[in-house]
């Protein structure tokens, strides 16, 4: 042990001597060493703080470690701790290393205890709450739907009950019980009825688990690499990219039966999807205030900003036929594509009305996203510049020139957009209805 410069500061520790010892006047710190236990001392600061410490010499170098506040240990406890350090020091193990090893053991014990208590549901909900401000509305809802409880009243239909979310079978699993075999079995079961949803939920699950490993309170609880075994990866169904798209010769039947859909909002929504190339969720979020009927434009919130940010949006032409569709829709609330039912007041899932129309038209297998793909494909019939189509659809620029020099003005977009709309309507033998100017002014004030 390193020797003190003052031999008088070594005494046999008693409760009274420990109580009265304090830092000497005009000094930042003072030491008092115990003659009854090698290496044990008290370090007193001018601030009044006092701690039990242990000090020794290993390979000629002084090593010191804090045992703890004087008020938190009695003398016997402090001596026991010092003897533990001294025992390790005799094997040339420094007190700092002893404390580090003990802290690691304690952390492992805490993590093991957490692993036996924490369930996936708790982590999942914390993950959603922590990240929802950065997500779009659909991505947020996908996470909630994944853990949806079964047999609950369905919001959009009286007498109907909800189906269990894809992740629901795992949600009450403790983290310690989350094994590759359990994940593989879960995927195999879900693949029987909804392979596509299972593949998506698998990716959401591991995004959550990766987030979990980055959180201080959960660090070390999960080894993501060990969960993602080859057998687990093989169980995830690889889905081929969809290629559904309207053909030119299918346009007459498409418009004939879609225009016959009894719900005018859904009918207009499906036609507008095709004629604008917008994403489904972008169009669902369209507000009356985002229609500019003076300059015939509409503001579309981009995919990445559907959660409400104003940072990303695009302005596209409000073409004549689309304007005639929208102007006659009921103005129930702020949403252009509204519904009198549901909590949000806007259109949610129109497929129940759309699929019978497509079946009657003989166009089975066409998805709502396929209408966006159709807009791009049909534009080639009238040789619209690729950059124009990309700007209207909200695709990211793919070349330096597009990124920096080709942000086209609205009037140039309108030239090409109205040309495409007119061509599509001509193929479908559809006329553009006359627009009531008085009705237009009413909507402008919404």
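The values are calculated or read from the model by the stated rules, or taken from the named source; none is laboratory data. Remember, predicted model here, so these are calculated numbers, not experimental data. All Cβ positions, glycine included, derive from the backbone under ideal geometry; neighbour counts span all protein chains shown.
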Consider segment 260-277. How many of its residues are assigned to a loop (DSSP other than H, G, I, E, B), farther than 17 Å from residue 430 by Cα and in contact with a helix residue (DSSP H, G or I) (Cβ under 7 Å, 6 or more places away or on another chain)?
2
Answer with yes or no whether residue 251 is assigned to a helix (DSSP H, G or I) and in contact with a strand residue (DSSP E or B) (Cβ under 9 Å, 6 or more places away or on another chain).
no
Among (1) part of a loop (DSSP other than H, G, I, E, B); (2) more than 32 Å from the chain's Cα centre (by Cα); (3) without any contact (Cβ under 8 Å) to a residue 12 or more places away in the chain - the single one residue 340 does not satisfy
(2)
Can you confirm whether residue 215 is under 30 Å from residue 324 (Cβ atoms) and assigned to a loop (DSSP other than H, G, I, E, B)?
no
For segment 358-371, indicate whether the set of residues that are touching a strand residue (DSSP E or B) at 6+ places or on another chain (Cβ under 6 Å), assigned by TED's automatic domain parsing to the domain that holds residue 268 and either in a helix (DSSP H, G or I) or at pLDDT 90 or above (or both) is non-empty.
no
Output the residues belonging to segment 140-176 that are on the phi < 0 side of the Ramachandran plot and modelled with pLDDT under 85.
152, 153, 154, 155, 156, 157, 158, 160, 161, 162, 175, 176
Residue check for residue 225: at pLDDT below 95, in the same structural domain as residue 416 (by TED's automatic domain parsing) and either loosely packed, with under 14 Cβ neighbours inside 10 Å or under 23 Å from residue 395 (Cβ atoms) (or both)
no
Tell me, please, whether a residue that is buried (at least 18 other Cβ atoms within 10 Å of the Cβ), out of contact with any strand residue (DSSP E or B) (no Cβ under 7 Å at 6 or more places or on another chain) and farther than 30 Å from residue 339 by Cβ can be found in segment 158-170.
yes
Identity of the residue in segment 407-446, in a loop (DSSP other than H, G, I, E, B) and within 20 Å of residue 256 (Cβ to Cβ), that ends up modelled with the lowest pLDDT:
433
Find the residue count for segment 1-24, including only residues that are part of a loop (DSSP other than H, G, I, E, B) and modelled with pLDDT of 90 or more.
7
